[in-house]
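Computed from the coordinates by the stated procedures, all read-outs in this text should not be read as laboratory data. Here the structure is a predicted model, which is why all the values come from computation and not from measurement. As a convention, Cβ positions derive from the backbone with ideal geometry for all residues, glycine included, and neighbour counts pool all protein chains shown.
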Amino acid sequence: MRDKLDIEATSRTPAVVFDFANNHLKIAGESYPEDVTEFYRPVFDALDAYLGKLDKGSCRFDFELIYLNSSSAKAVMMLMDKLEAAAKKGAAVDVHWFYDKEDDTMQELGEEFGEDLETATFHLEKMPG
Amino acid sequence: MLAGQLMDLRSMLHSQGVIFAYSGYVTEPVLSGVGEALKQKLTIDDADTKTLRSVFAIFVEQMQNIIRYSAEKAHQPMPPASDAGALNEIRYGILTIGREGNDYMVCAGNLVRQSDVPRLKERLSRIRNMSKEELKALYKEQLRADPEQGSKGAGLGFMEIARRATQPIDFDFADVDGEYSFFALKATI
């Protein structure tokens, strides 16, 4: 397994920085890709490979999304499901959802995703600045 | 004559408060380009962050609805083999963004099949009459559900529009002929 997945942000896709060596994963920016499936496929694949080997280890996942369209919301839910499944298998998973304090829609969306995490620990936080 | 005709078209849009208008075949790069210009205009207007994000989010959902579902389309009869996977189908629609006092309005229209009208009317009426709390619950339910047959997205677009809008969504249908109807959807922010 590679020790890093690094996808640069574009105007329509978020930056994805999965630092597997340090168990710190992050997705940040705006998400309204032309083709959601095509963009998220390598992200899901890398996450599956990593979580499959995490076992009882710990990891942190930061969501720093400014805006996501409705089809990306489905992709984010699938990321959350994968994290929750890993936590259920014994990993210590910390999920941080950062939202812009001026946009309560993203705060609400974070709350909704958080409600579905039973075993993974969820943190809802304002973006700094 | 030429200037007069175009000026009349512009005046008509202007009188309705329209600041952006696009009528034609819509592609993802069109969405990107118009979207960038829209963000710039909202920044110049000094719109607050929430308004800017909501207008933009609704614009994206409305544009993608045209790109995915408009029943009026043009396509290459036989795409070259070297172009496999290239977009060979483009869909037609109209989208306007306007101002009315302090509000922004994002309107979109496109042809739909008559056979789809009852289902669309039912879904939109249901969403239109929901409170923000009910919308939130339905959104969550839909997020977990498998997409409806014929859906190319997550089936969340109309709900996203209704959640981001500050007033109930408005929609209408006009008969075109036996096969098609013109569908219009307006969101106010």
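Brief remarks follow.
- Sites B:Arg119 and B:Phe20, calculated FRET efficiency, Cβ-Cβ separation with R0 35 Å, nearest 0.05: 0.75
- Computed per residue of chain B from DSSP H runs no shorter than four, each worth -39500 (n - 2.57), the mean residue ellipticity at 222 nm is -14500 deg cm²/dmol.
- A simple spin-label model places the labels of B:Asp172 and A:Ala92 6.1 nm from each other, with each point 7 Å out along Cα-to-Cβ.
- Of B:Lys73/B:Lys121; A:Lys53/A:Lys88; B:Lys39/B:Lys140; A:Lys4/A:Lys26, pairs whose Cα-Cα distance is over 18 Å: B:Lys73/B:Lys121; B:Lys39/B:Lys140
- Bridge type composition, the protein assembly as shown - antiparallel percent by DSSP, nearest 5: 70 percent
- Over chain B, relative contact order from alpha-carbon pairs under 8 Å, at least 6 apart, %: 24 percent
- In chain B the longest region clear of GluC sites (Glu not before Pro) that are loop-assigned by DSSP and have at most 13 other C-beta atoms within 10 Å covers B:1-147.
- Taking Lys and Arg as +1 and Asp and Glu as -1, the other residues whose beta-carbon sits under 13 Å from that of B:Gly35 total -1.
- Projecting the Cα positions of B:Phe173, B:Thr51, B:Thr96 onto the charge dipole of chain B (unit charges on Cβ atoms of Lys, Arg, Asp and Glu, taken about the Cα centre) puts B:Thr51 furthest along the positive direction.
- Averaging over all projection directions, the Cα-based convex hull of segment A:4-126 occupies 6.7 nm² in the image plane.
- Dividing the summed -39500 (n - 2.57) terms of all DSSP H runs of n ≥ 4 by the residue count of chain A sets its mean residue ellipticity at 222 nm at -12500 deg cm²/dmol.
- Using Cβ point charges alone (K and R +1, D and E -1), the dipole size of segment A:30-77 about the Cα centre works out to roughly 300 debye.
- Direction-averaged projected area, Cα convex hull, segment B:1-102: 9.0 nm², rounded to one decimal.
- When the Gaussian network model of chain B links Cα atoms closer than 10 Å, the mean-square fluctuations of B:Ser125, B:Ser15, B:Ser32 top out at B:Ser15.
- Averaging 1/r over each pair of different alpha-carbon atoms in the protein assembly as shown and inverting the result gives 21.3 Å, the Kirkwood hydrodynamic radius.
- Spin-label model, B:Thr49/B:Ser11: points 7 Å from Cα along the beta carbon direction are separated by 4.3 nm.
- Distance between segment A:1-80 and segment B:16-74 - C-alpha centres, whole angstrom: 26 Å
- Note on chain B: with a GNM built from Cα contacts shorter than 10 Å, the maximum mean-square fluctuation among B:Met12, B:Met105, B:Met159 falls on B:Met12.
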